[in-house]
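To start, the structure itself, in structure tokens.
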Amino acid sequence: MNPTTFPIILLGNTLLLLLLNFVVADLIVTGADRRRLTDVPRLKRYVYGITLLAIALLLGLLGLRLPPASFDLIAFALVLLTGLSIMALEKKYLPHTRRHVVTLCWIGGMCLLSGLYGWVTYA
């Protein structure tokens, strides 16, 4: 597969993964407590801060003009670290909602997609 067209497919797969995130959330998060981190004002700022920091670091990586393999590996690590940070917040502040399991499924899906991307592009 052509390495220049695969990111388009990866973007489509990522959008599918986000859509599945909402379906998985409906299946896993059951019961009366269906809160999210963004429902708690203080935690909402943490989540937005983590997300904005990750976006700023990705934009900073673009300015470094790294080789594609290095850029992809660092971007994958940054996305993984962002997901793990949000999962840790969910585990700590919303333990009974099981929302952290949904985030763990999202992280696993991103690892699978990133692994497929790396295998097809660089193998």
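The values are calculated or read from the model by the stated rules, or taken from the named source; none is laboratory data. Because the structure is a prediction, the values reported are computed rather than measured. Don't worry about glycine lacking a Cβ; one is built from the backbone with ideal geometry, like all the others, and counts go over all protein chains shown.
General observations
- Residue within the stretch 56-75 that is of a type in the set (Val, Ile, Thr), within 17 Å of Leu17 (Cβ to Cβ) and surrounded by 14 or more Cβ atoms within 10 Å (Cβ to Cβ) present: no
- Residue pairs meeting the criteria (Cβ under 8 Å; at least 6 apart or on separate chains; first among the basic types (Lys, Arg), in the stretch 94-111; second outside any helix (DSSP H, G or I)): Arg98/Val29; Arg98/Thr30; Arg99/Val29; Arg99/Arg35; Arg99/Arg36
- Set side by side, the residues Thr82, Thr121, Thr103 differ, and just one is surrounded by 17 or more Cβ atoms within 10 Å (Cβ to Cβ), assigned to a helix (DSSP H, G or I), hydroxyl-bearing (Ser, Thr, Tyr) and in contact with a Gly (Cβ under 7 Å, 6 or more places away or on another chain), which is Thr103.
- Matching entry among Thr51, Thr14, Thr5, Thr121 (being among the polar types (S, T, N, Q) and modelled with pLDDT of 85 or more): Thr51
- Unique match (being part of a loop (DSSP other than H, G, I, E, B) and farther than 22 Å from Cys105 by Cβ) among Leu66, Leu59: Leu66
- Whichever residue in the stretch 17-48 is of a type in the set (Gly, Ala, Ser) and loosely packed, with under 14 Cβ neighbours inside 10 Å and, among such residues, is modelled with the lowest pLDDT: Gly31
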